[in-house]
1. Might you let me know whether the range 70-79 holds any residue that is free of Cβ contacts under 8 Å to residues at least 60 places away in the same chain, surrounded by fewer than 17 Cβ atoms within 10 Å (Cβ to Cβ) and at negative phi?
2. Could you check the range 35-51 and list, in sequence order, the residues that are touching a helix residue (DSSP H, G or I) at 6+ places or on another chain (Cβ under 6 Å) and part of a helix (DSSP H, G or I)?
3. Can you name every residue in the range 4-21 that is over 11 Å from residue 52 (Cα atoms) and touching a helix residue (DSSP H, G or I) at 6+ places or on another chain (Cβ under 8 Å)?
4. With the requirement that a residue be part of a loop (DSSP other than H, G, I, E, B) and exposed (fewer than 10 other Cβ atoms within 10 Å of the Cβ), what does the range 85-110 give you?
5. Does residue 60 meet the test of being within 22 Å of the chain's Cα centre (by Cα), surrounded by 10 or more Cβ atoms within 10 Å (Cβ to Cβ) and touching a residue at least 24 places away in the same chain (Cβ under 8 Å)?
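Derivation of every value follows stated rules applied to the coordinates shown; laboratory data play no part. As the structure is a prediction and not an experimental result, all values here were calculated from the model. Cβ placement follows ideal geometry from the backbone for every residue including glycine, while neighbour counts extend to all protein chains displayed.
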């Protein structure tokens, strides 16, 4: 069974926030998944839309798959490295700010 993968690494958005949107498009046909991403007001939708387009292009050009029969077979997010920043606070104290990053994977397969 042919599959098309696309990866997006070191995205400056927390994995928790990405996971919410990925749950919406899992096991959906690509055209429906694209529509969901376009009309969901979440920060993670923009990079995910780009990633889905990339996976579709990979399927068409590298694996000769029919784009109209594709669906999102699996999609998951893993935690990337955390950027640690410091914010000055009162009385000379320092407050740690963790800026989380994500590694996102999207797998498309053809319907039987």
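1. Of the residues in the range 70-79, the ones free of Cβ contacts under 8 Å to residues at least 60 places away in the same chain are 71-72, 74-76.
Among the residues that remain, those that are also surrounded by fewer than 17 Cβ atoms within 10 Å (Cβ to Cβ) are: 74, 76.
Now narrow it down to the ones that are at negative phi: 74, 76.
Looking through the range 70-79, at least one residue is free of Cβ contacts under 8 Å to residues at least 60 places away in the same chain, surrounded by fewer than 17 Cβ atoms within 10 Å (Cβ to Cβ) and at negative phi.
2. We begin by selecting, within the range 35-51, every residue touching a helix residue (DSSP H, G or I) at 6+ places or on another chain (Cβ under 6 Å); these are 36-37, 42, 44-45, 48-49.
Within the range 35-51, 36, 37, 45, 48, 49 meet the criteria.
3. Of the range 4-21, the ones over 11 Å from residue 52 (Cα atoms) are 9-21.
Within the range 4-21, 11, 13, 18, 21 qualify.
4. Restricting attention to the range 85-110, the residues satisfying the condition of being part of a loop (DSSP other than H, G, I, E, B) are 89, 93, 100-101.
Residues satisfying the conditions are 89, 93.
5. Against the criterion (within 22 Å of the chain's Cα centre (by Cα), surrounded by 10 or more Cβ atoms within 10 Å (Cβ to Cβ) and touching a residue at least 24 places away in the same chain (Cβ under 8 Å)), residue 60 does not qualify.
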